[in-house]
1. At 222 nm, what helix-only mean residue ellipticity would the chain give, in deg cm²/dmol to the nearest 500, using -39500 (n - 2.57) for each DSSP H run of four or more?
2. With a 10 Å cut-off between alpha carbons and a GNM built on the chain, which of 97, 232, 116 moves the most?
3. May I ask you to derive the relative contact order of the chain, considering only C-alpha pairs under 8 Å and at least 6 residues apart, and to give it as an integer percent?
4. Between beta-carbons, use under 11 Å as the cut-off and find the net charge around residue 86, counting Lys and Arg +1, Asp and Glu -1.
5. Pick from 48, 36, 141 the residue whose mean-square fluctuation is largest in a GNM of the chain, springs joining Cα atoms under 10 Å.
6. Fully extended, how many nm does the chain gain between residue 206 and residue 243 (0.36 nm per residue separation, minus their Cα-Cα distance)?
7. Per residue, how big is the convex hull around the C-alpha atoms of the stretch 170-255? Give it to me in cubic angstrom, could you?
8. Need one number: convex hull volume per residue for the stretch 60-166, Cα atoms only, in Å³.
Amino acid sequence: MNDNMEEYDNPISYDIENNAYVGEIPFLIEWASKKRGTIIDLACGTGRITIPLAQNGFNLIGVDLHAGMLEQAKKKAEELQLKIEWLEQDCTQLDLNCKSPLIYMVGNSIQHFHTNESQNMLLSSIQTHLEEDGIFIFGTRFPSAEELLQPSTEEYWKTYTDTTCNKEVDVYTISNYDALSQMQHYTTIRKFKNADGIVVDETRTHISLRYTYPKEMERLLLENGFDILHVNTDWKGTPISNDSYEMIYVCRKQI
């Protein structure tokens, strides 16, 4: 997984582009409010969700493999005078000094675990660090035909303003799906425009993501010691359907 991190090599720019995504927070606060103890945010990145939960009074541990993202998370937490424990660890080999009543993994991070072996190792590691009757919540993209069979040509995605350079950025993607490995290979193109709307710079990053089908995920979770409580299509609790874009799982450690 270490060679699949181009997208995260500039943590400050990552924050600028992604900080608007906060849809998970109310859902996670609702579940966190039902539990007592330290909550673990896996693949926490720059603390996009870790920090808001800590601001709501919960005790958090943030775990990530990317040192640069963790440094950015630490800096942000220190500026807000928040006490959060940040750990640089591989999520498939967690070595924490506690068990948690609630572990979550958002941002579709589970798609970074490309092989059956790494998926099993991840879930086993999480299971080991959950308290009895503990809850694991995560999201992953829904493998619909529309999602997987995107054209392998440059396609517009979104526009944002990069405040580090005061330029508007148009973002495009190129997608190539490998059905045998269930991997979508993305190229993300960012075109930086000056005040006149002229493109003055362009960057490209690459990332590969594993897609897991609903029945496949059901078997994977059950075999690794989890009961599925809910499968939603969004962080508002809408039931999953054929038109879903995401799969949000709420699982309980089997007793």
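Readers should treat all values here as calculations from the given coordinates under stated rules, not as data from a laboratory. A quick note: this is a predicted structure, and the numbers were derived from the prediction, not measured. Every residue, glycine among them, receives a Cβ derived from its backbone with ideal geometry; neighbour counts consider all protein chains shown.
1. Using -39500 (n - 2.57) per qualifying helix, the result is -7000 deg cm²/dmol.
2. 97
3. Worked out over the chain, it gives 17 percent.
4. Residues near residue 86 contribute -2 overall.
5. 36
6. The residue 206-residue 243 span can extend by a further 10.6 nm.
7. Working: hull volume 13.1 nm³, N = 86.
Hull volume over Cα atoms, normalised by residue count, gives 153 Å³.
8. Details: hull volume 17.4 nm³, N = 107.
Spelled out: Cα convex hull of the stretch 60-166, divided by residues, is 163 Å³.
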